[in-house]
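The values are calculated or read from the model by the stated rules, or taken from the named source; none is laboratory data. In this text, all values refer to a predicted model and were calculated from it rather than measured experimentally. Note: ideal-geometry Cβ built from the backbone for every residue, glycine included; neighbour counts use all protein chains shown. We work out accessible area using only protein heavy atoms, side chains counted, and drop any ligands, DNA or RNA first. Shrake-Rupley method; radii C 1.70, N 1.55, O 1.52, S 1.80 Å.
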Amino acid sequence: MSSANASDLDENAGRQPGRGPGAPRRSLVTALATNSGSQLAGSVATVVFGWLVFVAATRALGPSVYGELATANVMLFFVVQIVDAGLSTAIVRDIAREPESAERAVGASVALRVVVSLCFLAVGLAATFVLPLAGGVRLAVAIGSLGAFFTAVNLSLLPVLQARLRIHWSVAATVVGRAVTLGLTLAFIALGFGLAGVVWASVLGLGVTLAGTYLAVRRVVRVRPRIDRAYWLRLLRASIVLSAAVVIGLIYFRIDLFLLALLRPSREVGLYGVAYKFVELSTLVNTAFVATFFPTITRFLQTRDPRTRSFLQSSFDVTLAAALPAVVVGITVAPQLVVLAAGSKFEAGAGALQLLAPYLLLTFPSSLFLYVLIASGREKLLLEIVTAVLVLNVVLNLVFIPSYGYKAAAVTSVASELCVLLALGYAVRRTNGFRPHLGYTALLLVVAGVMAAVILVVPGPWPLATLLGLVVYAGLVLALPGSVRRIGGSLWSSARASLATR
């Protein structure tokens, strides 16, 4: 997004959905700056709280019991994603196209999620008694089902905030919920509640998040759950292919850990779960950016806006710039990170983290391509891609996990994600004519190399060397010409102008 583009956005942003003709206009740059900034800040806070909960849980539970917790979390993750089934994305797209439909969409979505989530949670709980899983997994799923229900209802409320660029309210609710989870986790562990205490802390924190999101949504539209069969049928017909694509894509994202739980001991699941936790926390930042940009991408593609190509290129550059520091840290200081977070019992998981780190460099841009296909209505093509990659991933895991364990799962994840990136990139080029230029990518790779050299060469404690490496990376990226510098300048100018008018 160049400075020229930023001024265009200021002139053409228009009224915010739901405002009257005489309401003041808010530039798209300002709206995106507010949402992106809050999303970034919220993501950082969420990562910090999530990290601390993770540290407390791993140290209190040990590899085997933490492996049971990780398995239960994956099963509940599958249930929540099946319940959501891409409906949130479809509703965001609908509200972005027709802002006046927000109240009906939210009311119908809440009622639908309540009914469907109760049914699928019952099925998920029953599955724990059929599959060869440890007793701790059954306990965690039984307790965690309440938290999964809270999450499903929360997802039904979020689209209106996302479509109207008010997601910062939900971000605040999420941060408060994570803080509650952290406090309760520490308290329950101190009281000796073990695995059950960790799960209950998560459930109660999710309840707080749901309450905060509900209060935020009420400021935008009335929330009145309604049995709206006509809307349900229209939504399901319009989103059935998208739903299948999103669900399969998310199952692919976590299927390796689930297969590992079925084929290897809980200790290996715990070691791999620790390594994967770093990847999971890192992707929160990318999710924040893409979720903020999605309504704008949808609107630009639908209206054939001339700024589309520039916006997509800038988004691609930003995702790579955000991914590279996490990749460098994951490769250079993996053993120290794992021991710091989980203790020496988990040190063997450092190898998996180093193998998984390149996954971030692939999944950040691939998620952008995925949302471009969704925004342009290419659900069938997306479904074909994610189905093919899921089959490939499952086959590779079934072949190599029995012999090579969790390290095979890590390599398989990276190989599968490379296939996803190439396939989605080709699909976006074929359907939307967008092929990202890689000149800025080459510059970012050089800067990432400088960061790695700083971390490895600078003497002293590794945390200080890592922090210095991150500072050097950020300074160079902001100083050198390119998308990040242009966007940073545009957002800074927009923020100054906004403050000057108050």
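Side notes on the structure shown:
- Estimated FRET transfer efficiency (Phe129, Thr387; beta-carbon r; R0 22 Å; 0.05): 0.15
- The stretch 310-366 shape via C-alpha gyration tensor axes, a/c threshold 1.5: prolate
- Contact order, relative form, for the stretch 222-375: 29 percent (alpha carbon pairs under 8 Å, 6 or more residues apart, mean separation divided by residue count).
- Legend: residues Arg113, Arg304, Arg234, sorted from most to least accessible area (1.4 Å probe; ligands, DNA and RNA excluded), read Arg304, Arg234, Arg113.
- Cα gyration tensor shape of the stretch 186-259, rounded if a/c is under 1.5, else prolate or oblate by comparing a/b with b/c: oblate
- Cα gyration tensor, the stretch 268-367 - rounded (a/c under 1.5), prolate or oblate: prolate
- Spin-label pair Gln302/Val116, simplified geometry with 7 Å Cα→Cβ offset, distance in nm: 2.0
- With the whole protein complex present, Trp169 retains an accessible surface near 70 Å², based on a 1.4 Å probe.
- Leading residue at positive end of dipole, the stretch 281-364 (Cβ point charges), from Pro306, Leu356, Phe346: Pro306
- Per-pair calculated FRET efficiency, R0 = 60 Å: Ile227 and Val471 via Cβ, rounded to 0.05: 0.65
- Arg59 paired with Ala453, simple spin-label distance in nm, labels 7 Å along Cα-to-beta-carbon: 3.7
- In the complete set of protein chains, residue-level accessible area for Cys419 is approximately 50 Å², probe 1.4 angstrom.
- The slack in the chain from Leu478 to Cys419, taken as 0.36 nm per residue of separation less the alpha-carbon distance, amounts to 18.1 nm.
- Working from label points 7 Å from Cα in the Cα-to-Cβ sense, the Val339 to Leu445 distance is 3.3 nm.
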